[in-house]
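J.: Structure incoming, see below.
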Amino acid sequence: MNPILVTGGAGFLGSHLCDRLLADGHAVVCLDSFLTGQEANIEAMHTHPRFALLRQDVAQPVAFPVHQIFNLACAASPPQYQRDPIHTTQTLVLGAMNVLELAQRHGARVLQASTSEVYGNPLVHPQHEGYWGHVNPIGPRACYDEGKRCAETLFFDYQRHRGVDVRVVRIFNTYGPRMRPDDGRVVSNFIVQALRGEPLTLYGDGLQTRSFCYVDDLIEGMVRMVRQDHEAGPVNLGNPGEFTIRELAEWVLRLTGSRSALAWRPLPADDPTQRRPDIAKAQSALDWTPQVSLEDGLKETIAYFRRVLR
Ligand code: NAD
Ligand code: UDP
């Protein structure tokens, strides 16, 4: 059997996915440019006989036999993907074309890690897959949001016109061990700040909401999406529990026992004010519901950061 390709496999989600696929008995090729990935995330896999690493940009063509593809390559943190926005768009659009061409050549099923950002700053709440979104096409987040939207377009055009077997999941804010301490997303920022005794940086009034999914739940949803034959997607994957960013800060302070203060910072442009997935489709098509509470997931993540920050 040809290997499964995981692009972005050295990143936070990608490395957990590689672990899971190896544990399920598959051969895995991890393609990563290490833009935001970490060697440490895949260190334990290097000696695995069914694991191979390809240091490459997904925007460059890929050519080797594959059985399945998971396309995760792209920085997910706003400060990271905004650092070189043109490269972010290249990653998302050229990367999608490259994995779709590869899938077509080898008759491989290909999954796109899309995002709740396709809904932009949503006018419909909670967000269901039929909602077309509310995205600023020229703002600082557009390289990511529109890049992901274009990738979805490519996926469904390759399905309709070239018969490629596609799967698309829209992932809502997911957190857990193996995020980088300097990643810049809210969960890792707050935990690192709390553990270092630094102020927790709240952007805006802290009343904007997000729904936080623990990584193990998310990986289970992705694997189920690829294993079933009836639903191409898009399917939302996320935890419907909704919290304000202020509430998240309070959870992190409580669970770390930190006495850090709160520091208020300006809200970044186009920052969505509310976000919660409607997961009815994932529940019916995949029989999937997240199992890990915010409290339990944060405890695991805090334990991880205590180890890496030591
Ligand atoms: P991450 O930044 O930890 O991982 C991204 C990985 O992609 C890194 O290893 C990075 O080096 C690699 N990469 C970036 N650009 C590349 C390129 N041009 N060529 C090759 N490799 C490249 O982020 P993550 O949280 O693990 O997210 C993984 C995927 O899931 C991303 O596509 C992201 O958009 C999507 N997603 C994640 C979340 C989330 O909350 N974690 C939410 C929605 C969507
Ligand atoms: N945020 C914050 N402090 C931080 C980092 C982020 O208040 O140190 C806010 C951010 O403005 C947003 C929310 O937390 O409203 C989630 O941000 P993140 O970058 O994690 O994800 P995204 O905005 O892409 O959902």
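J.: Whether any residue in the stretch 108-121 is over 14 Å from residue 35 (Cα atoms), within 8 Å of ligand 1 (Cβ to nearest atom) and either free of Cβ contacts under 8 Å to residues at least 24 places away in the same chain or charged (D, E, K, R) (or both) is what I want to check. Show your work before the answer.
T.: So the first thing to find is which residues in the stretch 108-121 are over 14 Å from residue 35 (Cα atoms), and the list is 108-121.
The next check asks that each one be within 8 Å of ligand 1 (Cβ to nearest atom); those that pass are 113-117.
Retained after the next criterion (residues that are either free of Cβ contacts under 8 Å to residues at least 24 places away in the same chain or charged (D, E, K, R) (or both)): 117.
Checking the stretch 108-121: at least one residue is over 14 Å from residue 35 (Cα atoms), within 8 Å of ligand 1 (Cβ to nearest atom) and either free of Cβ contacts under 8 Å to residues at least 24 places away in the same chain or charged (D, E, K, R) (or both).
J.: How many residues does the stretch 82-104 hold that are within 14 Å of ligand 2 (Cβ to nearest atom) and not in a helix (DSSP H, G or I)?
T.: Residues that pass the stated criteria total 2.
J.: Moving on. Mind checking which residues of the stretch 97-132 are touching a Leu at 6+ places or on another chain (Cβ under 8 Å) and more than 28 Å from residue 240 (Cβ to Cβ)?
T.: 97, 99, 100, 102, 108
J.: Within the stretch 105-121, can you find the residues that are part of a helix (DSSP H, G or I), within 15 Å of residue 173 (Cβ to Cβ) and more than 11 Å from the chain's Cα centre (by Cα)?
T.: To start, the set of residues in the stretch 105-121 that are part of a helix (DSSP H, G or I) comprises 105-106, 116-119.
If we keep only those that are within 15 Å of residue 173 (Cβ to Cβ) too, we end up with 116-119.
Listed by number, the residues that qualify are 118, 119.
J.: Failed condition for residue 132, given (1) more than 13 Å from ligand 2 (Cβ to nearest atom); (2) outside any helix (DSSP H, G or I); (3) surrounded by fewer than 22 Cβ atoms within 10 Å (Cβ to Cβ); (4) in contact (Cβ under 8 Å) with a residue 60 or more places away in the chain, with all others met?
T.: (4)
J.: Please name all residue pairs, on different chains or six or more residues apart, with Cβ atoms under 6 Å, provided the first residue is in the stretch 258-286 and is aromatic (Phe, Trp, Tyr) and the second residue is surrounded by 12 or more Cβ atoms within 10 Å (Cβ to Cβ) and outside any loop (DSSP other than H, G, I, E, B).
T.: 264/202
J.: Further question: Evaluate the following for residue 276: is it within 17 Å of residue 113 (Cα to Cα), at pLDDT 95 or above and within 20 Å of the chain's Cα centre (by Cα)?
T.: no
J.: For the stretch 140-151, give me the residue count where each residue is crowded, with 20+ Cβ neighbours inside 10 Å and either among the charged types (D, E, K, R) or within 16 Å of residue 98 (Cβ to Cβ) (or both).
T.: 7
J.: With the structure loaded, tell me whether residue 76 is modelled with pLDDT of 95 or more and within 16 Å of ligand 2 (Cβ to nearest atom) or whether it fails that test.
T.: Spelling it out, residue 76 is indeed modelled with pLDDT of 95 or more and within 16 Å of ligand 2 (Cβ to nearest atom).
J.: Shifting gears a bit: From the list 61, 79, pick out the single residue that is surrounded by fewer than 16 Cβ atoms within 10 Å (Cβ to Cβ), in contact (Cβ under 8 Å) with a residue 24 or more places away in the chain, on the phi < 0 side of the Ramachandran plot and assigned to a helix (DSSP H, G or I).
T.: Values: 61 fails: assigned to a helix (DSSP H, G or I).
Only one candidate qualifies: 79.
J.: Filter the stretch 216-239 down to the residues that are of a type in the set (A, V, I, L, M) and either more than 25 Å from residue 133 (Cα to Cα) or surrounded by fewer than 22 Cβ atoms within 10 Å (Cβ to Cβ) (or both) and list them by number.
T.: Once the filter is applied, which keeps residues that are of a type in the set (A, V, I, L, M) and either more than 25 Å from residue 133 (Cα to Cα) or surrounded by fewer than 22 Cβ atoms within 10 Å (Cβ to Cβ) (or both), the stretch 216-239 yields 219, 223, 226, 232.
J.: Residues that are within 16 Å of residue 111 (Cβ to Cβ), at least 2 per element: which strands (runs of 3 or more DSSP E) completely within the stretch 156-265 meet that? Spell out how you get there, then give the answer.
T.: Numbers: elements: 166-171, 200-203, 209-211, 235-237, 242-244, 262-265.
By residue number, 166-171, 235-237.
The values are calculated or read from the model by the stated rules, or taken from the named source; none is laboratory data. Predicted model only: the values in this text are computed from it and were never measured. FYI the Cβ positions are ideal-geometry reconstructions off the backbone, even for glycines, and counts take in every protein chain you see.
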